[in-house]
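Below: one structure, written as structure tokens.
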């Protein structure tokens, strides 16, 4: 099974302590909230960030992730700027999300950042 590299998602070393994982998550969530102009990109990034944080912040899940991962199982990171061949395949996928849901999601991020 091919997995995402959660350490790259959180931009941390594999030897990162729990506090470093927490700080990286908070900083990236804050950065994504401030810089994402496209709602679908923002939601995708936050889902990916949350998934990585949930696994790596739990010692049992992290140990299992580390034990079952090797370099051949990790998805390579794709640089969108270099990948120009598939530009016409990239399309905006309409996502129906009401503004109230977005506001609630951002409030949750802000309240989490307060910790």
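The values are calculated or read from the model by the stated rules, or taken from the named source; none is laboratory data. Predicted, not measured: the structure shown is a model, and the values here were computed from it. Backbone-built Cβ (ideal geometry, glycine too); neighbour counts: all protein chains shown.
Data table
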| read-out | value |
| --- | --- |
| Top-ranked residue in the range 17-38 [being in a helix (DSSP H, G or I) and in contact with a helix residue (DSSP H, G or I) (Cβ under 7 Å, 6 or more places away or on another chain); ranked as nearest to residue 106 (Cα to Cα)] | 33 |
| Every pair of residues 6+ apart whose Cβ atoms lie under 6 Å, when the first sits in the range 26-39 and is surrounded by fewer than 16 Cβ atoms within 10 Å (Cβ to Cβ) while the second is at pLDDT 85 or above and in a helix (DSSP H, G or I) | 36/42 |
| Lone unmet requirement of (1) at pLDDT 65 or above; (2) loosely packed, with under 14 Cβ neighbours inside 10 Å; (3) over 16 Å from the mean Cα position of the chain (by Cα) for residue 66 | (2) |
| Complete set of residues in the range 46-63 that are in a helix (DSSP H, G or I) and surrounded by fewer than 17 Cβ atoms within 10 Å (Cβ to Cβ) | 47, 48, 50, 51, 54, 59, 60, 61, 63 |
| Single condition residue 96 does not satisfy, out of (1) farther than 17 Å from residue 11 by Cα; (2) surrounded by fewer than 10 Cβ atoms within 10 Å (Cβ to Cβ); (3) in contact with a helix residue (DSSP H, G or I) (Cβ under 9 Å, 6 or more places away or on another chain); (4) at pLDDT below 65 | (3) |
